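Peer 1: Structure provided below as structure tokens; questions to follow.
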Amino acid sequence: MAFRKLSGFLNAFFVSFNTVIRIKYYYRRFFYKYILMRGMITMRFYSKKGLITGLLLWGTVAFLIGSILFLPGGPEGKGEIITAVLVCGLTSAFIIWLWFGTYYEINGNQLKVVGGPFRWKIDSMTMKSIRKTRNPLSSPALSLNRLEILYGKWGTVMISPKNEEEFCETLRKINSKIDFNIK
């Protein structure tokens, strides 16, 4: 509402169309950054899903379900059947939760990384650098094309947002001191 009043005020006093457009753009950028910094906007970026990690995770789920269904001897007693179903079912549910529940949220100055049941909260003002990596270490990333974020004194996390450019640009608007090596 305040932006519309300010925009109407600027339109009344500036004759040149180009000047009005430039001023409107400046205020739009300023208000966007202000709203983003205050946590009024939450931006969610879902994880990019790679072929290799997909084959590994879904192959594991298929193996676990197949091991229950197609065992030659099969479990003999009720206790063995229940144990097999619980172990394989819970492990498969955990892997599916990781696959569908991995995302990254920017809310105010905070980056929230969610990978299934695991959650990290990183203050974006403590981030030092973001660089591309293909490191296969365990991380909340479903692709091997990852971004490594260094934060705090020794903190590091690897993520793989679908839209890396928009993700990095949003973080750049919040903290311009972050060193970006994503080329």
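Taken together, the values in this text are just the output of simple stated rules run on the coordinates, not laboratory data. Since the model is a prediction, treat every value here as computed from it, not as a measurement. When we count neighbours, we look across all protein chains shown, and the Cβ atoms used for this are built from the backbone with ideal geometry, even at glycine.
Peer 1: Can you tell me what share of the DSSP beta bridges in the stretch 44-183 is antiparallel? A percent to the nearest 5 is fine. All intermediate terms of the calculation are to be shown ahead of the outcome.
Peer 2: On the way: 27 of 30 bridges.
Of the beta bridges lying entirely in the stretch 44-183, close to 90 percent run antiparallel.
Peer 1: Further question on the same structure: Order these by the 10 Å Cβ neighbour count, fewest first: 173, 121, 183, 78.
Peer 2: The order, fewest Cβ neighbours first, is 183, 78, 121, 173.
Peer 1: Hey, another quick one. What is the sum of charges, Lys and Arg at +1 and Asp and Glu at -1, for the other residues whose Cβ falls under 10 Å from the Cβ of residue 144?
Peer 2: Within the 10 Å Cβ shell, the charges total +3.
Peer 1: Quick one: what are the phi-derived ³J(HN,Hα) couplings along the stretch 121-135, Karplus 6.51/-1.76/1.60 with θ = phi - 60°, whole Hz, x for glycine and proline?
Peer 2: For the stretch 121-135, the Karplus-derived couplings read 10, 10, 6, 5, 6, 9, 6, 9, 8, 10, 9, 6, 8, 10, 5 Hz, x marking Gly and Pro.
Peer 1: Mark the label point 7 Å from the Cα of residue 52 along Cα→Cβ and return the residues of the stretch 134-150 whose backbone N is within less than 17 Å of it.
Peer 2: Counting only backbone N, you get 134-148.
Peer 1: Give me, ordered by chain and number, the residues 5 or more places off residue 156 or on other chains with an amide H under 5 Å from its own placed amide H.
Peer 2: 151
Peer 1: Okay, moving on. If you put +1 on each Lys and Arg Cβ and -1 on each Asp and Glu Cβ, how big is the dipole of the stretch 50-157 around its Cα centre, in Debye rounded to 20?
Peer 2: About 580 debye.
Peer 1: Quick check on my link table: of 121/173; 121/153; 112/183; 48/153, which ones sit more than 21 Å apart, alpha carbon to alpha carbon?
Peer 2: Table pairs above 21 Å Cα-Cα are 112/183; 48/153.
Peer 1: When you count, for each residue, the other Cβ atoms within 10 Å and take the mean per peptide, how do 144-152, 127-135 rank with the highest first?
Peer 2: Order by mean packing, descending: 144-152, 127-135.
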